[in-house]
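Step one of this worksheet: look at the structure below.
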Amino acid sequence: MITLGIETSCDETSCAVLEGRNKVLSNIVSSSLKKHRPFGGVVPEIASRHCLEAIDIVYREALDRAGISPDQIRLIAVTQGPGLAGSLLVGVSFAKALGYSLKIPLVAVNHLEAHLDANFIESGKPRRPFVGLLVSGGHTTLIRHEKGRFQLLGKTLDDAVGEAYDKVAKVLGLAYPGGPEIDRLAKRGDPEAVSFTAPKLKGKYCFSFSGIKTAVLYRVRGRKLSRRELEDLCAGFQESVVSWIVRKAVAACEETRTRILVAGGGVIANSLLRERLLAETRKHKIKLFLPPLAYTTDNAAMVARNGIDRFSKNGPSGFGFSADPNLKIGN
Ligand code: KG4
Ligand code: ZN
C-alpha cells in the first residue's frame, strides 16, 4: 500500500511517500528557516505563506522521487496539529482537496505522536509500554504509552526547551535556530565554568526553562563576551538543561516501571542530550529509541508512519476534521 504523508505544522513543508509500513520511497522537506533569521524566531505569517507556495511543488517532487503517480496513493496522512494555525490549514486543505478529487481516505495525525514514531519509520514498534520524551521548539513533555493510550506525566510550565535554546541564542547574538549554534559552541566550552540552579517545581515530571533563560540574560546584559566566555556560557547552559531532562526522563521510566524510553522532537538532535540519554539508559537497563538525525526535525515520513497505524486501528478520519493548533497528546 502506498501512503502519502503531509506535514505543515510550522516552518517546514514536507511530503513523503511510504510503501507498506516501513519503506520510505521519498521524503521531501522545504524549510522557510532562512526567511525567519532576520527576526530571530519563526514569524507565523511568513511560515504559512511559504507552506502555501511550496506545498504543490513539494508534493510533485515527492511523487517524482518515489516514481509513482497520484492514482497509486491509497491513503493520505496529514498533520492536524498542534502547530501554527495558518501553516496547518495549508496541509489540511491540500490533503482534503487531493483526497476528495482522487477518492483517497484521509487520516488526521497528531504531530507529537508522529515525532515519537520517527523512531519506527524504518522498523517496527515495541509492543510493551513505553515512556515518551518529546523535546522540540514548542514542547517539552513526558508521557507514558500503554495499551494504545497516552497518559501525560508532565510538561513544561513555561518555555519549551527548543524555545529556550532559541531565546538564549538570540540574547547571545547567535543565528536562528539557536539549538544547533549553542550545541556547536558548547562543545568547545567548559561546562563547569558557569552553573545554573535547577528550578524547584511541584510536578515531579514538569519542566521550566524561563528561569535559566533570564539567568543568561542577566549574565550578559550590557557586556561584550569574549569567545571563551561565550563557549563556557553555552556549555554551562547546555549541561544544565540536558541534565534536568535526562534525570526526569530516567526517573519517569524507573518510577513507572517502564523499560522502554522513546525520544523525539527537534531538540533530540542535540549531541549532549543523545550522549547522556544513551549513557544513563544503559546504566539503568532501559531500552532507548533515538530517531535517526534525518528524522529529528519536522518531516512527513513520520506523519505517514503514524497515519498508517492510526488508519489500521481506527479507519479513516473522514473529511470533517479541522486543523487544530492546540491538539493535545495524552490526558
Ligand atoms: O521539532 P522541531 O523541528 O519543530 C517543532 O515542532 O518545534 O524543533 C525545532 C527546535 C528548535 O527550537 C531548534 O533550535 C531545536 O529544535 N534544535 C536543537 C538542535 N537542533 C534543533 N536544539 C538543541 N540542539 C540541537 N542540536
Ligand atoms: Zn515538530
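For residues in segment 282-322 being assigned to a helix (DSSP H, G or I) and hydroxyl-bearing (Ser, Thr, Tyr), which is surrounded by the fewest Cβ atoms within 10 Å (Cβ to Cβ)?
Within segment 282-322, the first condition is being assigned to a helix (DSSP H, G or I), and the residues that meet it are 282-283, 293-295, 300-314.
Next, only the ones that are hydroxyl-bearing (Ser, Thr, Tyr) stay: 295, 312.
Numbers: Tyr295: 24, Ser312: 12.
Among them, the one singled out is Ser312.
Scanning segment 151-203 for residues that are open to solvent by 30 Å² or more (accessible area, probe 1.4 Å) and β-branched (Val, Ile, Thr), we see that the one that is farthest from the chain's Cα centre (by Cα) is Thr197.
In this structure, Val109 does not qualify as touching a residue at least 12 places away in the same chain (Cβ under 8 Å), open to solvent by less than 40 Å² (accessible area, probe 1.4 Å), under 16 Å from the mean Cα position of the chain (by Cα) and assigned by TED's automatic domain parsing to the domain that holds Asn270.
For segment 93-116, give me each residue that is within 27 Å of Val262 (Cα to Cα) and more than 16 Å from ligand 1 (Cβ to nearest atom). Answer for segment 93-116, where residues must be within 27 Å of Val262 (Cα to Cα) and more than 16 Å from ligand 1 (Cβ to nearest atom): Leu106, Val107, Ala108. Being of a type in the set (A, V, I, L, M), touching a Gly at 6+ places or on another chain (Cβ under 7 Å) and more than 23 Å from Gly266 (Cα to Cα): is that true of Ile76 here? Yes.
Which residues, taken from segment 118-138, are open to solvent by 10 Å² or more (accessible area, probe 1.4 Å) and within 15 Å of ligand 2 (Cβ to nearest atom)? So that I can check it myself, show each step before the final result.
Initial filter on segment 118-138 (open to solvent by 10 Å² or more (accessible area, probe 1.4 Å)): 119, 122-130, 136-138.
The answer is Asn119, Ser136, Gly137, Gly138.
The values are calculated or read from the model by the stated rules, or taken from the named source; none is laboratory data. All values reported here derive from a predicted model rather than from experimental measurement. Note: ideal-geometry Cβ built from the backbone for every residue, glycine included; neighbour counts use all protein chains shown. All accessible areas refer to the heavy atoms of the entire protein, side chains included, with ligands and DNA or RNA removed. Shrake-Rupley method; radii C 1.70, N 1.55, O 1.52, S 1.80 Å.
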